[in-house]
Every structure is written in C-alpha cells, then in structure tokens.
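Shown next, in structure tokens, is the structure this report addresses.
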Amino acid sequence: MSSNFDHGGNVFGMARELGTTATGITDFSASINPLGLSPLVREAVIAALDSLVHYPDAGHQELKQALADFHGVPPGAIVVANGSTELIYRLPALFSGRRALIVSPAFSEYRRALDQHRREAHHFILSAKDDFVLDPRALEAALEKGYDALYLCNPGNPSGRLYPLPLVEQVYHLCHARGTFLVLDEAFMDFCEESSAKQLVAAGDNAVILRSMTKFSAIPGLRLGYAIANEAVAARLGTMGGPWNVNTLALAAGAAALRDTEHSRRTIEFIQEERGYLAKRLSRFPQLTVYPSEVNFLLLEITNGLTAGELKERLLPHRLLIRDCANFAGLTPHFFRIAVRTREENNLLLECLENILN
Ligand SMILES: Cc1ncc(COP(=O)(O)O)c(C=O)c1O
C-alpha cells in the first residue's frame, strides 16, 4: 500500500510491494546525501541515547546557538522544528489574508498546508522551455493581483536551478513593497551557501527562510529543520505548535552535523563531481533533456513519448526508484527527477537506462 503523500523516498512502501527490504532498493527518488551520516553525527546520536529518559530541551538552546554561529545571525532568529515540513504547516497561520502564490513547479506540501488552513493557493508557473528562469517583471505583474504570501524555493526543487542572491533580493523588495509575506525555502542551499538570503531575511521583516537538515546531513528518518527570520517573526513562529517538537537524538545530530565541517566539505565536492559526471552521461541520451542543476539532484525530460511513470515501472524490477514528476504543477508526465548518488549506483542507473531507452 502506498502512502497518501506523493513524494519521493517511499522506500518502505516500495520494498513491501517488491517483497524486499528498504536496503534492497537504490533510491534515486529522494535527494539524500549519498555519503550518509557524518561519523560525528553517528557518535552524537549514540552518546545521546541515555538522555532519552529525559524530555528533550524544549528551547533547543544548544542547536539554536550552533545554527546562529554557523549562519552569523542571532539565536533569536532561529526556530528549530521536526523537519522543515513542520514549519510549512505552521506558516499559513503566520500571515494574514487568504491568497498565496507559489512559484512552481514546487514542493507539494506548500499547497497541502495552505489547503488545510483554508487559504487559496495559486501557481506562478516557470517554463521548462526557458530552463525555469524567473523573470522579476513577470513576477511583479503577478504580484500586482494581490497576494498575502509568496512561496519561492531556491535552489528550486524539482528544477535544481539556483536563483542568484541579487534576484532574490529583488523578489524580497517586490514582496515587501506590497506587504506580501515571503517564504523562501532554502532546503537545498547547503550546496551553495553563499547564495543564501539569510542576512537579508534575518534583518528584514515579513519574510522567513526554511532550511532542512534531512537532505544534506542524511537524517530524513530522524527529522530536523529550522527557520531563519527576524526575531519578531521567529518568536511568533516558535510559539506555534506544541512543546518538545524536536527529539533529543535529532537535536544532538544537528549540532554534531554543524561541527563536522570536513564531512560537509567532502559532500559538496563529491556532489559537484558526481553531478557533472551524471549530467554528462545522461545528456548523451538523445531521448533525454537534462536540466541544469546546482544541487544533489537532476531534473530530466523524456522526449521519445515514454512517460516518467512508465520509465519508473521499468526501473522497478532493477530495484531502482526514481521520482516521477507528473504531479508537479507546471510539468508534463514526461519529467522525472533523480538524486545524485555514488559512482557505482549512478552507473547502475545509466546501464539500466541504456537498456530501456536504446
Ligand atoms: C523543497 C523542499 N522543502 C522542504 C522539504 C521538507 O524537508 P524536511 O521536512 O525533511 O526537512 C523538502 C523535502 O523533500 C523539499 O524538497
């Protein structure tokens, strides 16, 4: 039985369907660090086990301070959560008004959370034909219709496209001038930290940045994310939801992940190298269009008539899982997304694609 949520990374559901275990599947559908846990994170989680007899630190003090030091913002600008998805579900209660505009294609939970809060979600569609370029004049014209919030994911998921800081600053000012609350999802910004708008958002107002630690630190099963905002916005966001939202193991893992700068450096180098390799090899398939990416996944389009759903089905007997992107607003059923994994795993996928497409 599959879940009600239409995301990548459903390895447990897929393993049940295939009669195998999650470890028997090579998951290209969720974009998780292929180097896995940092050794410091593993040690910290094990060392924290004995503390499970206590309630977690409800104020998240140590991790907040570590994040504040890492990003160069005050600890009061940070809100820690049980994955950034928890914050996505708190956000609609934070801005007044009903209408939200989502720069799309984008993560489907924005819309789901807005629906739950009875907000109207509208899409500002970026075109694949233009490599998902974001034209600030077109966005400005759209914002003129009057929106209470704008959601922008940078780097984009599923596109992989990075919008440079000056462009994001422009978007921030367009929103600010209209009283539109800006939600900037930087879930994949660890790969290009210098492009983060964190300083602007922490010092400004009417905006929030969402960050996820589940992808880069490879702890989606533990859950950890946070927001950066000015202290007033952070205080409001921080008091929504219940206490002890983040468990002791996740708090310890987050602080250890920030300490392991060597693992982070290796991850960035590794992804850059493997993404280049994978994109180059994939672009040799005349039936595939590979979209430019700055992160640990690639968006592709099949141009020979096969749908991504059909391709996914054909890869499953090989126990390879890809993300069919048909359910993203703005994409056709021919788009799919793959994570950048290890060389051996990437070669396995390339070999299977060779057999299916050629
Ligand atoms: C763009 C984006 N934002 C947020 C999330 C949520 O991440 P998490 O709740 O694991 O921190 C995801 C997960 O796939 C994502 O792709």
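The values are calculated or read from the model by the stated rules, or taken from the named source; none is laboratory data. Because the structure is predicted, anything quoted here is derived from the model rather than measured. As a convention, Cβ positions derive from the backbone with ideal geometry for all residues, glycine included, and neighbour counts pool all protein chains shown.
Of the residues examined, Glu274 is not one that is at pLDDT 95 or above, within 17 Å of the chain's Cα centre (by Cα) and surrounded by fewer than 21 Cβ atoms within 10 Å (Cβ to Cβ).
Taken across segment 333-341, residues that are touching a Leu at 6+ places or on another chain (Cβ under 7 Å), assigned to a helix (DSSP H, G or I) and crowded, with 16+ Cβ neighbours inside 10 Å do not occur at all. When Gly305 is tested against (1) of a type in the set (Gly, Ala, Ser); (2) at positive phi; (3) surrounded by 16 or more Cβ atoms within 10 Å (Cβ to Cβ), exactly one condition is not met: (3). Where strands (runs of 3 or more DSSP E) fall entirely within segment 222-304, those with at least 1 residues that are within 16 Å of the ligand (Cβ to nearest atom) and either outside the structural domain of Ala93 (by TED's automatic domain parsing) or free of Cβ contacts under 8 Å to residues at least 60 places away in the same chain (or both) are at 297-302.
In segment 191-221, the residue that is surrounded by the most Cβ atoms within 10 Å (Cβ to Cβ) out of those that are within 13 Å of the ligand (Cβ to nearest atom) and among the small types (Gly, Ala, Ser) is Ser217.
Would you check which residues across segment 23-33 are surrounded by 14 or more Cβ atoms within 10 Å (Cβ to Cβ) and away from the ligand (no atom under 16 Å from the Cβ) and list them? Scanning segment 23-33 gives Ile25, Thr26. The set of residues from segment 165-179 being touching a strand residue (DSSP E or B) at 6+ places or on another chain (Cβ under 9 Å) and either touching a residue at least 60 places away in the same chain (Cβ under 8 Å) or on the phi > 0 side of the Ramachandran plot (or both) is empty. Taking segment 55-74 on its own, how many of its residues are outside any loop (DSSP other than H, G, I, E, B), surrounded by 18 or more Cβ atoms within 10 Å (Cβ to Cβ) and out of contact with any Pro (no Cβ under 7 Å at 6 or more places or on another chain)? Of the residues in that region, 4 qualify. Within segment 5-54, being assigned by TED's automatic domain parsing to the domain that holds Ile338, part of a loop (DSSP other than H, G, I, E, B) and either farther than 26 Å from Phe191 by Cα or charged (D, E, K, R) (or both) holds for Gly19, Thr20, Thr21. Starting from segment 142-164, take each residue that is outside the structural domain of Ala329 (by TED's automatic domain parsing) and at positive phi and list its partners that are in a loop (DSSP other than H, G, I, E, B) and modelled with pLDDT under 95, counting only C-beta distances under 9 angstrom and pairs at least six apart or across chains. From segment 142-164, the pairs are Gly146/Gly97.
Within segment 33-47, the set of residues being β-branched (Val, Ile, Thr) and either in contact with an Asp or Glu (Cβ under 9 Å, 6 or more places away or on another chain) or closer than 21 Å to Glu273 by Cβ (or both) comprises just one member, Val41.
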